[in-house]
1. Considering ILE259, ILE239, which residue is in the same structural domain as ASP510 (by TED's automatic domain parsing), over 28 Å from PRO192 (Cα atoms) and part of a strand (DSSP E or B)?
2. Give the residues of segment 138-161 that are part of a strand (DSSP E or B) and either in contact with a Phe, Trp or Tyr (Cβ under 8 Å, 6 or more places away or on another chain) or surrounded by 24 or more Cβ atoms within 10 Å (Cβ to Cβ) (or both), sorted by residue number.
3. So in segment 149-181, with the set limited to residues that are of a type in the set (Gly, Ala, Ser) and over 23 Å from the mean Cα position of the chain (by Cα), which one is farthest from MET514 (Cα to Cα)?
4. All but one of (1) under 28 Å from GLN302 (Cα atoms); (2) surrounded by fewer than 22 Cβ atoms within 10 Å (Cβ to Cβ) hold for VAL348, so report the exception by its number.
5. Of everything in segment 477-533, what is among the β-branched types (Val, Ile, Thr) and either free of Cβ contacts under 8 Å to residues at least 24 places away in the same chain or touching a Ser or Thr at 6+ places or on another chain (Cβ under 7 Å) (or both)? Give them in sequence order.
6. Taking the criterion of being farther than 20 Å from GLN187 by Cα and of a type in the set (S, T, N, Q), would at least one residue in segment 571-590 satisfy it?
7. Out of the strands (runs of 3 or more DSSP E) lying entirely within segment 9-118, which hold 3 or more residues that are buried (at least 22 other Cβ atoms within 10 Å of the Cβ) and in contact with a strand residue (DSSP E or B) (Cβ under 7 Å, 6 or more places away or on another chain)?
8. If SER295 passes every condition in (1) at pLDDT below 95; (2) in contact with a strand residue (DSSP E or B) (Cβ under 7 Å, 6 or more places away or on another chain); (3) of a type in the set (S, T, N, Q) but one, which one does it miss?
Amino acid sequence: MCGVCGIVAKDPLDSSHVRILRKMNKALAHRGPDDQGEYLSDRVMLAMRRLSVIDLEGGAQPLYNEDRSLVLIANGEIYNHVELRQSLIDRGHRFRTRSDCETILRLYEDAGTDCVQSLRGMFAFALLDTRKQRLILARDRMGEKPLYLCEDRGRIVFSSELKSLLHSGLVPFRLDPEAVDLYFHYQFVPEPRTALQGVRKLDAAHMLVIDIEPWTISESCYWNMDAAEPAQGDPALLIRRELEKIAELVVRSDVPVGIALSGGLDSSVVAALTARTYPDAMHAFSVGYPGRPRSDERDDAQKLADHLGMPFHEIEIDTHEMVDFFPDLVYWRDDPIADISGHGYYAVMRAARERGIPVALQGQAGDELFWGYPEVRDAARLSKTKAGVLSNGKSALFAYWSVGLPEGLSLPSLGRWVRTWGGLKTSLDALRIHRQAPSDRLFFYDVAPDFPSATREMHALYARRFMEDLLDFQASGLFRVSRPWPNVDVTVTKLICQTYLRENGIAQGDRLSMASSVELRLPLVDHRLVETVVGLRKARSDLDLPAKAWLKEAVADLLPAWVLDRPKRGFAPPVKEWHKALFSAYGESLKDGYLVQTGVLKPRAARILSEGPFPRGAITPISFKALVLEQWCRRMSSPW
């Protein structure tokens, strides 16, 4: 695990660029406290910081081939490096290190840019082919490892983190109005965009090839999750097979591995599977809150840790500690992400590092892959209904009302049905969206309360000139898909993975783990597992089964019933208490703050938001999004 950065240019670089590169690399020190390295030439300059996980003594980067015509810096872990190494040795390759990343070099010698097809893991790398005068930038399939880019007049600057790009002095801090509007709708800026003009992320599963002579740039996508072949067979058996394989691969490490453990299903699955393959006792970490409120998960997590024989460590997050660290937390997240539970990510990873554990596992992606979020299930069902209404002329009101019928006789399902007036409120909301939305727009984020709230309210909060910059921009454009729609189950799965999972979950997890120099591994994001779920979903729908039915069936013999049947909680903090405390400490910063002075918010709107209004039914209120963005702008506009 590392941080990587570099500069590649059409015209020759000079000594000033060496100083810039080293400033960028210094800003990545937290991602790699163990070592650093660089490669300097007149057109390409590369640097990296290393967190030693595999081959502690011999895996220093940059990595070279025998004649040093190939140069590699890489951030991530290639989980199947053992199998790849043996296959490459059998084909005559000789390795100089035990580094997992050296397999990238050897695969490139055989297959060129198709080397990425063989990699199972998380990565963002830069590979220089000096013979071809070509630099290749690539990112893993699900977007676990970041790579920010700024392209300007025959020069590309890239880095693992945005703050590193800003340290270069080559990237101006200018907010992108459309990205800001996306942020207020989603609570993050969906990739590959960033909040800044002229800066983007290399999209997941994409490769950027830069030929220096003559200067040409091409970008391609090498993998699509929705391209998986339909899968026939027993879902439980097929999913279990992939779970067991990734559990075997993901614990490979020359340093201790721990796990962030909640009382929920996803982290429990990861814990139970990896505990069987990890050769030592895996330490478990969980967070809680003073007074053990209902959201506290430590008792459930400890019960499972004891069941699995895992040493257990609990972290109690005090509200005052959270408030004091809030500006730093916003900075370490790198992107503006308005997730009030983010301090839990940081606290767990800090505790792991303090106990000498620099690699941690986490259960992200279970909810996104297996219908763990009710709103996502609703979006898929409503989208299917919309397709039927548009193509068959069904009664829209009755069709949407039938979607809101309770799923069985469980108390949560019946309670939700009662709260929506016997499904009538759900159907009326869906009918309103149906009539207002273009025919090619799926139901997606608009089924949750925060998105339509932003659509209704932000025009009154933005300054006039900022509104003019938005013109006819529509935040809902991300979920417009040409009709006839493909498999709706798969399309909605892909959308939630490309938005909430990648930018709120994966990005936040990466930055807040690396802030403490901890490598975060997410077994449920494994692309083979994803392909299996998508392939099964193409062959048959699981949308009307109970939430996470396939996953639960796949691990039914692995976990006790008190885990399988437990309601989802996750790292949920005391939201209202934290919200009130944050605005008491920092609400004033919105008044005549950065967002007002740069013409994003009206002064009157900022004054109202500074009081921290939290409307009933809101999940992440606009006031909190504004506070996070204000603090982010203050820190990131002057990161040094």
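1. Numbers: ILE239 fails: part of a strand (DSSP E or B).
Answer to the check: ILE259.
2. Of segment 138-161, the ones part of a strand (DSSP E or B) are 138-139, 148-151, 155-159.
Scanning segment 138-161 gives ALA138, ARG139, TYR148, LEU149, CYS150, VAL157, PHE158, SER159.
3. So the first thing to find is which residues in segment 149-181 are of a type in the set (Gly, Ala, Ser), and the list is 154, 159-160, 164, 168-169, 179.
Next, from what is left, pick out any that are over 23 Å from the mean Cα position of the chain (by Cα): 154, 168-169.
Details: GLY154: 31, SER168: 20, GLY169: 23 Å.
So the residue we want is GLY154.
4. (2)
5. If we filter segment 477-533 for residues that are among the β-branched types (Val, Ile, Thr), which is where we start, we get 481, 488, 490-493, 496, 499, 506, 518, 525, 530, 532-533.
Once the filter is applied, which keeps residues that are among the β-branched types (Val, Ile, Thr) and either free of Cβ contacts under 8 Å to residues at least 24 places away in the same chain or touching a Ser or Thr at 6+ places or on another chain (Cβ under 7 Å) (or both), segment 477-533 yields VAL481, VAL488, VAL492.
6. Within segment 571-590, one or more residues are farther than 20 Å from GLN187 by Cα and of a type in the set (S, T, N, Q).
7. Numbers: elements: 35-40, 44-50, 70-78.
Passing ranges, in order: 44-50, 70-78.
8. Result: SER295 fails condition (2) only.
The values are calculated or read from the model by the stated rules, or taken from the named source; none is laboratory data. None of the values given here were measured: they were computed from a predicted structure. So basically every Cβ, Gly included, is an ideal-geometry build from the backbone, and we count neighbours across all protein chains shown.
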